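Asker: One structure, pasted below without further comment.
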Amino acid sequence: MRNAALLLLFAAIYLAGCTHPVDTSNDRIPEWATGGTLHDVTLDIWATGTPEDKRATAGEWLHEALWQGHLQTDEQIKAFGAKVELYVQMTDDLVRLMPQIIQYEPDTPYKTIRSLLAESVGEGEDFNKHMGPAAIYNAKAPVP
């Protein structure tokens, strides 16, 4: 009976932790990563955006999707900036490669930037490993 009570207590604590929102109160979101306007545009509109708007939009996406609670140190902010730049470059590459991509995925030109990010985040662990805060720790791992 005691073991069952302990198991129930641990389950309640675990479930409470799973539903607890991420604490973003100490996040230091860089000013350049706010105010983007390209969240719900298609790739052809993205292509006409300014570098600053692309960076702000990508910063907002990545913070919302993966970096909440992980922008509190200079190291984290620097790593976040690098990932934002990488995401902008990847999206610009999609635009550049659009003629080849539509041969295999004809609906890509009609997808919004937000839906493309959602698909990427949906890829799960690999996307987070390369684009999320886990990238900071992965980079520090010794190479065998």
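Asker: What distance in nm lies between label points placed 7 Å from Cα along the C-beta direction at LYS78 and GLU119?
Answerer: The two pseudo-label positions are separated by 3.5 nm.
Asker: Around ALA33, under 15 Å between beta carbons, what's the net of Lys plus Arg minus Asp minus Glu among the other residues?
Answerer: -3
Rule-based calculations on the coordinates, nothing more; no lab input. Quick caveat: nothing in here was measured; it's all calculated off a predicted structure. Note that each Cβ is placed from the backbone with ideal geometry, even for glycine, and that neighbours are counted across all protein chains shown.
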